[in-house]
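Participant: Encoded as structure tokens, here's the structure I'll be asking about.
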Amino acid sequence: MESIFGQSPSAGAISPSAGCGIDRLTVEETPGLPSSNEAQSSLSHVDGIGKAKMVDVSSKDHGKRIAAASCRVLLGQHAFSLVAANRIAKGDVLNVAKIAGIQGAKRTSDLVPLCHNISLDRVDVSLALNEDDYSVEIVGEVAATAKTGVEMEAMTAAAVAGLTVYDMCKAAAKDIRITDVRLEWKIGGKSGGWSRKQ
């Protein structure tokens with residue numbers, strides 16, 4: 001190890017009993033983090049001592065859940081003109097990204113560790129070209145009849161569609177940016193509806 005990293009670590013630093021140090025910290029011992037009681041009441045994915053947990057939704061009722069999220073991919077003039085003319089070498093950017101976004105929504109629980117595996121009723125992904133800033137505007141909308149919300153599925157749909165636009169266009173421009181991945185609105189659940197436009 002010395003030849004790669006320099007000085008060899010001490011035996012205690014790498015022994016299984018020593019741990020990495022992070023596991024031994026509690027929320028109370030970490031400056032700037034809320035106490036365990038505050039964390040428990042405000043963050044549903046954190047237990048009483050500040051460790052990650054999957055939320056138990058077994059006591060919740062099934063209900064209609066709908067959410068929409070968006071993102072923007074700033075292509076630049078050259079890549080934008082190629083997408084608009086459907087002249088990107090990899091193919092039809094907008095349709096491939098649409099399918100990728102739908103697939104991404106269905107795989108959300110595989111990508112985000114504490115998300116529940118939800119059976120989705122509907123996934124819609126729309127992509128629109130905006131010539132004002134040479135961008136692709138993406139909206140993912142997801143619906144399910146479930147015990148928990150579909151906000152993460154909607155955000156994953158938008159983000160994966162954006163990543164796919166980037167992948168298909170990266171040969172034409174290196175300075176493409178994916179921005180503003182965000183929830184736009186949601187319906188259903190204990191907290192009710194919410195909209196960014198409120």
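The values are calculated or read from the model by the stated rules, or taken from the named source; none is laboratory data. Owing to the predicted nature of the structure, the values given are computational and were not obtained by experimental measurement. As a convention, Cβ positions derive from the backbone with ideal geometry for all residues, glycine included, and neighbour counts pool all protein chains shown. For the accessible areas, the whole protein counts, side chains as well, though only heavy atoms, and no ligand, DNA or RNA atoms are used. Shrake-Rupley method; radii C 1.70, N 1.55, O 1.52, S 1.80 Å.
Participant: With a Förster radius of 35 Å, plug the Cβ-Cβ distance of SER58 and ARG196 into 1/(1 + (r/R0)^6) and report the FRET value to the nearest 0.05.
Facilitator: Once rounded, the FRET efficiency stands at 0.70.
Participant: Determine the share of the stretch 126-193's accessible area contributed by carbon and sulfur atoms, expressed in whole percent, with a 1.4 angstrom probe.
Facilitator: Details: 1700 of 3240 Å².
Looking at the stretch 126-193 in its full context, I get 52 percent from C and S.
Participant: So how do 70-78, 100-108, 124-132, 187-195 stack up, highest first, on mean other-Cβ count within 10 Å?
Facilitator: Output ranking for 70-78, 100-108, 124-132, 187-195: 100-108, 70-78, 124-132, 187-195.
Participant: Order 81-88, 133-140 from most to least packed using the mean count of other Cβ atoms within 10 Å.
Facilitator: With the highest mean Cβ count within 10 Å placed first, the list reads 133-140, 81-88.
Participant: Next question. What number comes out for accessible area per residue over the stretch 53-198 if the probe is 1.4 Å? Units Å², please. List each step's numbers first, then the result.
Facilitator: Numbers: 7920 Å² over 146 residues.
It amounts to 54 Å² per residue over the stretch 53-198.
Participant: In terms of Cα to Cα distance under 27 Å, which lysines are near enough to LYS60, apart from those fewer than 8 places away along the same chain?
Facilitator: By straight Cα distance, LYS60 reaches LYS51, LYS106, LYS147, LYS186, LYS190.
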